[in-house]
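Here's the structure we're looking at; comments come further down.
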Amino acid sequence: MGQVTNDDLQLQLQREVAIALIALYPTTFSDHSMAQQLISLDRPKDVGHGDFASSIALALSKKLAKRPIEVAQEIKGYLEKSDTASIFLEKIEVAGPGFINFYLNSKSQSNLILEILHSKENYGSSDLLQGEKINLEFVSANPTGPLHLGHTRWAALGDSLARILRSQGAQVASEFYINDRGVQMDLFGQSLQAAALNQPIPEDGYHGEYISDLAKEILEKNPDILKLSPADQVIEFRDLGYQLQLQEQKNVLENFRTSFDIWFSEKSLYENDEFEQALARLKAQGHVYIQEGATWLRTTDFGDDKDRVIMKSDGSLAYFASDCAYYDSKRERGFTINIYLLGADHHGYVGRLKAIAAARGDDPDKNIEILIGQLVKIMEAGVEVKLSKRAGTIITLSELVEKVGVDAARYTLLRYPSETPMVLDVDLLRKRTNENPVYYVQYAHARIFQILKSAKDLKIDFTNGNFDLLNQEVEKNLISKLAAFREVVKSSAQLREPHRVPRYVEELAAAFHRFYTECRILPQGDELVNDLHRTRLILANATMQIIKNGLDLLGVSAPERM
RNA sequence: GCGCCCGUAGCUCAGUCGGAUAGAGCGAAUGCCUUCUAAGCAUUAGGUCGCAGGUUCGAUUCCUGCCGGGCGCGCCA
């Protein structure tokens, strides 16, 4: 047998246990894959419980009519005699009510560390999602104003999720859907025109201070605009304002390290017949009907609350028309998995979006995935800031970044599951930036970097070490944390949950800080360099690599000094 | 009224397929720098996991009902 990678260990251990079950209880287990499926095997939170733990004995207790501890002992006994298991296991223990704890030997630990140092920035990536073509749509703000705090959360989440999915081999297009047509755009144009002419802005128009600034900018650059007829002025203001505002959004997102592969124009759906084709397809499939002069899609056939209007009775298009054509476009472009990151205020869309997919003949559970991002509340001076465009109390993406920086903003927004409503305490982020968890993680990285730099200055060669020497609790704990990285990134990708990465990286940083406090890494004074120093340097180096890899998945920088 | 999400320490929140004494950060108290970054570490305090049932060897986790909070239920976008 060749070198066993850590990734395989879990599977291999599972296989060994399955073999044991079949040998020990032939009347209960005959089929190998069935036995293996039954076996739970996870990484315990507590290092005292080994590198892997299984509750299989507890689960089987009833079926075998034996006490859990007895079952555990029997499995342990069998595995201890197994030659294959002993290749990578140090020892097996039965603990608590009947858990079996497995401890890896130092050979498998050193293999892990060496693999990290060998793979470098690629460690943690896999081909788990190889061949998947994923469209990931997020932010998708109207180009009629600045990006607010909600958009900021989706920007961080979407961008990080794209990085995580790509790391697992998926082909991902991150996409921004520009709502550049319809009533809102016209209101935008009217608002700009009114502001430019010092006239009252329409009641349902756009009011923020940015509108008058934008109007002023347009006037300065295009003085001739006033010569146009009022109706043409609106169009001109709308189009020029749109360009400026969209460019502004692009700049802000760029500065937030959020990149999009595709900026998709809603208007374009109508300029090259994509809407016509999508509608024709739905009609041909028999899901479209006309009632009271309006054209409807029978989404209730596919679980939606009510049918949706595509074309209104006055002949104008409903917003939903674009949704249909847009989904069709994504499928035509070859995306099999289409992820929508929606704000909680749009969660009512789930039913109709799924219905579009189903009506088209797709599998709504497979081809469409919708992630709901709960809204972000803001606390300032101990009270909640009510967000209102009218009152000018909205906090924009760029304001947040100005206050706390890109790293802290991204990291904070990524720490929580998207479906968790979160409260940002601006005062805390503003006044106490040093206490933000992001600095805790970055500090660990910077610390290691400086130590390795010192080691190089001292001309210490730490390419080889002896992992048998690492027998302290803090050292073992750090190694076992490193071993968990791959599984964290994988589950993060599979569950579409980026927050697992920051949580993990914080645990890893904590494990390192404890290790650093208790274990001297570099030789002191006149002390000669020995294998323990070298091995600890290797361990520190691997830790730095994983912190860096984790932060990269979040789009957060890993500073060399702080 | 119906649908989705949330309810875990004083505050902000983690907690994979149900598992071992329920965790982290902040805040509070106390220790630790003549040696690698104290933006760190250690110890202490702080909990009826919203409430009540059910499923089972075992429930913060799954099911039902209730209470409380957020959001959504247009031929608006």
May I ask you to list the residues in the range A:399-430 that are closer than 16 Å to A:Val385 by Cβ, touching a residue at least 40 places away in the same chain (Cβ under 8 Å) and in contact with a Leu (Cβ under 7 Å, 6 or more places away or on another chain)? A:Leu400, A:Pro421
The helices (runs of 4 or more DSSP H) lying wholly within the range A:194-303 that contain at least 3 residues that are open to solvent by 30 Å² or more (accessible area, probe 1.4 Å) are A:209-221, A:230-255, A:274-284
Which residue out of A:Leu539, A:Leu452, A:Leu478 is in a helix (DSSP H, G or I), more than 11 Å from RNA strand B (Cβ to nearest atom) and more than 29 Å from A:Ala156 (Cβ to Cβ)? A:Leu539
Inspect the range A:498-506 for any residue being open to solvent by 20 Å² or more (accessible area, probe 1.4 Å), in a loop (DSSP other than H, G, I, E, B) and within 20 Å of A:Lys45 (Cα to Cα) and give the result as yes or no. yes
If A:Tyr516 meets every condition in (1) away from RNA strand B (no atom under 12 Å from the Cβ); (2) in contact (Cβ under 8 Å) with a residue 12 or more places away in the chain; (3) open to solvent by 50 Å² or more (accessible area, probe 1.4 Å) apart from one, which number is that one? (1)
Exactly one condition in (1) more than 30 Å from A:Ala540 (Cβ to Cβ); (2) modelled with pLDDT of 85 or more is false for A:Leu387; which is it? (2)
Here are the criteria: (1) within 8 Å of RNA strand B (Cβ to nearest atom); (2) open to solvent by 10 Å² or more (accessible area, probe 1.4 Å); (3) modelled with pLDDT of 90 or more. Tell me which single one A:Asn434 does not satisfy. (3)
Under 6 Å between Cβ atoms, at least 6 apart or on separate chains: pull out the pairs that start in the range A:461-479 with a residue that is under 20 Å from A:Arg514 (Cα atoms) and end on any residue that is loosely packed, with under 14 Cβ neighbours inside 10 Å. A:Val474/A:Glu518
Please give the strands (runs of 3 or more DSSP E) falling wholly within the range A:37-149 in which 1 or more residues are open to solvent by 60 Å² or more (accessible area, probe 1.4 Å) and within 16 Å of RNA strand B (Cβ to nearest atom). A:89-95, A:99-104
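I'm checking my understanding of the structure. Among residues of the range A:304-337 that are among the polar types (S, T, N, Q) and surrounded by 18 or more Cβ atoms within 10 Å (Cβ to Cβ), which one is nearest to the chain's Cα centre (by Cα)?
Of everything passing the filter in the range A:304-337, A:Ser329 is nearest to the chain's Cα centre (by Cα).
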Give me a count of the residues in the range A:338-361 that are buried (at least 19 other Cβ atoms within 10 Å of the Cβ), within 25 Å of A:Gly150 (Cα to Cα) and of a type in the set (A, V, I, L, M, F, W, C). 4
Take the conditions open to solvent by 40 Å² or more (accessible area, probe 1.4 Å), touching a Ser or Thr at 6+ places or on another chain (Cβ under 7 Å), in a helix (DSSP H, G or I) and under 30 Å from A:Thr420 (Cα atoms) and apply them to A:Lys490. Does it pass? yes
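The values are calculated or read from the model by the stated rules, or taken from the named source; none is laboratory data. What you are looking at is a predicted structure, and each value in this text was computed from that prediction instead of being measured. Positions of Cβ are generated from backbone atoms using ideal geometry, with glycine treated the same way; all protein chains shown enter the neighbour counts. Keep in mind that these areas ignore ligands, DNA and RNA; they rest on the heavy atoms of the full protein, side chains included. Shrake-Rupley method; radii C 1.70, N 1.55, O 1.52, S 1.80 Å.
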